[in-house]
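The values are calculated or read from the model by the stated rules, or taken from the named source; none is laboratory data. Everything quoted here is computed from the prediction, not taken from an experiment. Cβ: placed from backbone, ideal geometry, glycine included. Neighbour counts: every protein chain shown.
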Amino acid sequence: MGTGTLRLIRRGEFADRLRSYRILINGAKAGTIGPNAVLDLKVPTGQLRIEARIDWCRSLPLTIEVAPNQRIEIEVSNHWGILLSIWAITLGFRSYLTLKHLRMSPIATLD
C-alpha cells in the first residue's frame, strides 16, 4: 500500500473569482483551491471519490483509482458560468461545479 498525488487545477474563470472551492475526498475535507491555483494532495492508493463544493452547490462525484507513485490531474471549474448562475444555484446546485479528469502519470523518483 503506497501513496499517489492528486493535482487539482482551477483556472481563472470570472464566475466565483473571489471564492475558494472545498475539495472532499471520500467525504472528508481535503483542502481548498482558489482561482488560478493548483492544489497537490498526497492521497492513499485505491479507489477515491472526489467532490468539489462551494456553499450548498457542488460537483457530481468523480471516482478514480490511484496506483502507487501515480499523479492524477483533475480540473475543477464552474459548469454554468456567470450567465446561468441564478438557475445553477437553485435547480442546478448538484452540478454547479465540474470535475474533469485530465491525465495520469507516474511520479518521478530519484534513485
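Assorted remarks:
- The criterion of at least 3 residues that are surrounded by fewer than 17 Cβ atoms within 10 Å (Cβ to Cβ) is met by the following strands (runs of 3 or more DSSP E) wholly inside segment 4-51: 28-33, 37-44.
- Criterion violated by T3 - all others in (1) modelled with pLDDT of 95 or more; (2) over 14 Å from the mean Cα position of the chain (by Cα) satisfied: (1)
- Taking residues in segment 65-83 that are on the phi > 0 side of the Ramachandran plot, and partners anywhere that are in a loop (DSSP other than H, G, I, E, B) and at pLDDT below 95, the pairs with Cβ atoms closer than 7 Å and at least 6 places apart or on different chains are N69/G2; N69/I107; N69/T109; G81/A15.
- Within segment 53-63, restricting attention to residues that are modelled with pLDDT under 95 and assigned to a strand (DSSP E or B), the residue that is nearest to T98 (Cα to Cα) is S59.
- The condition of being in contact with a His (Cβ under 8 Å, 6 or more places away or on another chain) and under 22 Å from G2 (Cβ atoms) holds for L62.
- Condition check for I72: aliphatic (A, V, I, L, M) and at pLDDT below 70: no
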